[in-house]
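Novice: The structure that follows is given in the form of structure tokens.
The values are calculated or read from the model by the stated rules, or taken from the named source; none is laboratory data. This structure is a prediction, so every number in the text was calculated from the model and none was measured. Ideal geometry is used to build each Cβ from the backbone, glycine not excepted, and the neighbour counts take in all protein chains shown.
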């Protein structure tokens, strides 16, 4: 009897272990309740403005709803909830991107593109959910094409070359991500980007050389190696001319570097005015000396003329 009890206990224990192992290794079954929850969540997503701009998302949402409705309750599992949550998260990202892309501020559009770049569509492709991943991908490409056009238009009106180049770069990149429809636009913007970069770098290199020349002539004007009158003045004229050439290039590109070299212009003006004053003083002294000698010579001539007149008068009286 005792032996039979032990056998019975062993059988019950083994059965419990087998049941426990089976229950933990078998995936949880779906339910009608989860199906209703998911359908309610999907139907509640009502974003007319977003869906007007991105009809692909509306079609994907409708397709997702149809897929869930067509599934039997026991097939709607936690795996189903995973891909539904992933897609609803994508819709939320698109809404944030759409709000930012409505702004006229370029930095908001850059932020929208960053959200798009961080959007991962790959998890959706792991599920057998028909065209939904494809539709989401099409919406994303549409977004990139729109941003490519926005930054292209922005580059056309931007006067600061440095920013213009940045906008062209973003435009080309966005067009490229927009798919085969805008690859030619991407190539075109890439060409414009390379051309403007080459011109900008060339002009900035020249401007830098002109600034170096201006500094060199300015230093020579402050400390002239020759005592010749006007030598320092000629150096400051050269410094001013070099700076003006650099200034023209900075203004051409509306480059902010001009603000950093404004101090050189002020120094050139200061030295120029000082040298001009010194030169005028020297000229005034020369004129004064010249006038002094001119007066002396004039007085000598006058006295000589008077003596000559007296001599002629004396001769006439004698006769």
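Novice: Does segment 79-92 hold any residues that are farther than 15 Å from residue 133 by Cα and touching a helix residue (DSSP H, G or I) at 6+ places or on another chain (Cβ under 8 Å), and which are they?
Specialist: 81
Novice: With the checklist (1) more than 18 Å from the chain's Cα centre (by Cα); (2) not in a helix (DSSP H, G or I) in hand, flag the one item residue 159 doesn't pass.
Specialist: (1)
Novice: Looking at segment 255-287, which of its residues are closer than 30 Å to residue 159 by Cα, assigned to a helix (DSSP H, G or I) and touching a helix residue (DSSP H, G or I) at 6+ places or on another chain (Cβ under 7 Å)?
Specialist: Selection gives 257, 258, 264, 265, 267, 268.
Novice: Looking only at segment 147-161, which residues are surrounded by fewer than 17 Cβ atoms within 10 Å (Cβ to Cβ) and either touching a helix residue (DSSP H, G or I) at 6+ places or on another chain (Cβ under 8 Å) or closer than 17 Å to residue 111 by Cα (or both)? Steps first, answer last, please.
Specialist: Step one: list which residues in segment 147-161 are surrounded by fewer than 17 Cβ atoms within 10 Å (Cβ to Cβ), which gives 149, 153, 156-157, 159-160.
If the condition is that a residue be surrounded by fewer than 17 Cβ atoms within 10 Å (Cβ to Cβ) and either touching a helix residue (DSSP H, G or I) at 6+ places or on another chain (Cβ under 8 Å) or closer than 17 Å to residue 111 by Cα (or both), then 149 is the only one that fits.
Novice: Please work out which residue is surrounded by the most Cβ atoms within 10 Å (Cβ to Cβ), limiting yourself to segment 29-61 and to residues that are assigned by TED's automatic domain parsing to the domain that holds residue 141 and part of a loop (DSSP other than H, G, I, E, B).
Specialist: Going through the qualifying residues, I end up with 54.
Novice: For segment 62-153, list the helices (runs of 4 or more DSSP H) that sit wholly inside it and hold at least 3 residues that are under 37 Å from the mean Cα position of the chain (by Cα), within 24 Å of residue 176 (Cβ to Cβ) and at pLDDT below 90; which are they? Don't jump to the end; show me each part of the working.
Specialist: Numbers: elements: 78-101, 106-117, 122-125.
Helices (runs of 4 or more DSSP H) meeting the threshold: 122-125.
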